[in-house]
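Report on the following structure.
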Amino acid sequence: MDALVCKKLGDPTLSPVPSSIENDDGSPPIVLDPKHPIPELKTPSSVLVRVKATSLNYANYLQILGTYQEKPPLPFIPGSDYSGVVEAIGSRVSNFRVGDKVCSVVALGSFAQFIVAEESELFRVPEGCDLVAAGAIPVAFGTSHVALVHRAQLTSGQVLLVLGAAGGVGTAAVQIGKVCGAVVIAVARGAEKVRFLKSMGVDHVVDLSNENVISSVKEFLKAKKLKGVDVLYDPVGGKLTKESMKLLNWGAQILVIGFASGEIPLIPANIALVKNWTVHGLYWGSYRIHRPRILEDSLRELLSWLAKGLITVQISHAFALSEANLAFAAIKDRKVIGKVMVICDGPGRTRSKI
């Protein structure tokens, strides 16, 4: 089978070399291996899935660079959330049959044509749901759902401020905020991203290319007779976090999702004390170890929302496994509105927009 293998740490935007070429110091870190062995069923309750699509998350990019908090031993196949079709089942599998559409998430290994998972780890994709879209749900939408619904317990009428709102987790947070009935303010950069966010029904959009976040949000809040922001969703960090804190209400909640800006912000503890802020650190992946039931319930609810049309997946770009470097480049260059997907079920697909 085709598999994308990381043999050394480095820049994944470099073109992957065939596995027959020796991966010396001058070669890219990722290798496209067309003869990687198809994984075998490990237990009577395991399932072999032919991967349709796998989602490219910013964490995957950082992992190959070697700057992510989890550093797997080399070599490894990157990739986390995916969707596909059941190809074979173990003797004790009772909930799935060959041909069923499923999705799931793993620590590593989805950048390949086949993957093996335990029956308990798989989720059935509801009828009517696009299979590629289902592969984008677990991490991006799961992160935002756990953050907003489980941790912040966002309620109707609260004001939600989403930074990096045009990215994968950002577009998910915006939609989940609207499902919860919140007043959603989105922050992004560029006219195309602003137009997209407005089309999603966002209540107010700040364009960082020509607006100041503080003055723009304050003007909107004043016009709507709102006191301030109740929940700050922050996958960006840096200067933008510092500015956004000036907009927070007494008793506000800060969701620390990530640091796409490359700068870790300082949240002043004295102000948090005086204003009774709650700061939530949200590392979604660790829930798989410590609170797996929460992730299971979250993903089931998200798939039901997807089936009902309450949420949609904006797929900005889709690439073949052989074009994975282009997918990483789209993430690196901030060219994405929504999600980047890697299509694994066929060779030679060209870059496309869905």
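Overview of results
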item: Qualifying residue in the stretch 140-153 (condition: more than 13 Å from the chain's Cα centre (by Cα), open to solvent by less than 10 Å² (accessible area, probe 1.4 Å), more than 30 Å from Glu40 (Cβ to Cβ) and in contact (Cβ under 8 Å) with a residue 60 or more places away in the chain); result: yes
item: Answer residue from the stretch 196-240, given it is aromatic (Phe, Trp, Tyr) and open to solvent by 10 Å² or more (accessible area, probe 1.4 Å) and is nearest to Ile311 (Cα to Cα) among those; result: Phe196
item: Test for Ser156: is it surrounded by fewer than 18 Cβ atoms within 10 Å (Cβ to Cβ) and in a loop (DSSP other than H, G, I, E, B); result: yes
item: Failed item in (1) without any contact (Cβ under 8 Å) to a residue 24 or more places away in the chain; (2) farther than 30 Å from Ser27 by Cα; (3) among the acidic types (Asp, Glu), with Glu301 passing the rest; result: (1)
item: From the options Pro29, Pro34, residue that is surrounded by 15 or more Cβ atoms within 10 Å (Cβ to Cβ), over 22 Å from Ala133 (Cβ atoms) and of a type outside the set (A, V, I, L, M, F, W, C); result: Pro29
item: Residue that is charged (D, E, K, R), part of a helix (DSSP H, G or I) and within 17 Å of Ala252 (Cβ to Cβ), where the choices are Lys222, Lys218, Lys198, Lys227; result: Lys218
item: Positions within the stretch 250-279 being at pLDDT 95 or above and either crowded, with 18+ Cβ neighbours inside 10 Å or aromatic (Phe, Trp, Tyr) (or both), in sequence order; result: Trp250, Ala252, Gln253, Ile254, Leu255, Val256, Ile257, Trp277
item: Count of residues meeting criterion [of a type in the set (A, V, I, L, M, F, W, C) and either modelled with pLDDT under 95 or in contact with an Asp or Glu (Cβ under 6 Å, 6 or more places away or on another chain) (or both)] in the stretch 146-164; result: 2
item: Of all residues in the stretch 280-302 being out of contact with any Leu (no Cβ under 7 Å at 6 or more places or on another chain) and basic (Lys, Arg), the one that is most open to solvent (accessible area, probe 1.4 Å); result: Arg293
item: Total residues in the stretch 172-195, condition part of a strand (DSSP E or B) and open to solvent by less than 10 Å² (accessible area, probe 1.4 Å); result: 5
item: Flag for Leu197 being on the phi < 0 side of the Ramachandran plot and in contact (Cβ under 8 Å) with a residue 40 or more places away in the chain; result: no
item: Residue in the stretch 123-139 that is nearest to Ile38 (Cα to Cα), counting only those that are in contact with a Ser or Thr (Cβ under 6 Å, 6 or more places away or on another chain) and open to solvent by less than 10 Å² (accessible area, probe 1.4 Å); result: Gly135
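The values are calculated or read from the model by the stated rules, or taken from the named source; none is laboratory data. Predicted model, so just to flag it, every value in this text is computed and none were measured. Note: ideal-geometry Cβ built from the backbone for every residue, glycine included; neighbour counts use all protein chains shown. When the accessible area is computed, the model is the full protein with side chains, heavy atoms only, and any ligands, DNA or RNA have been set aside. Shrake-Rupley method; radii C 1.70, N 1.55, O 1.52, S 1.80 Å.
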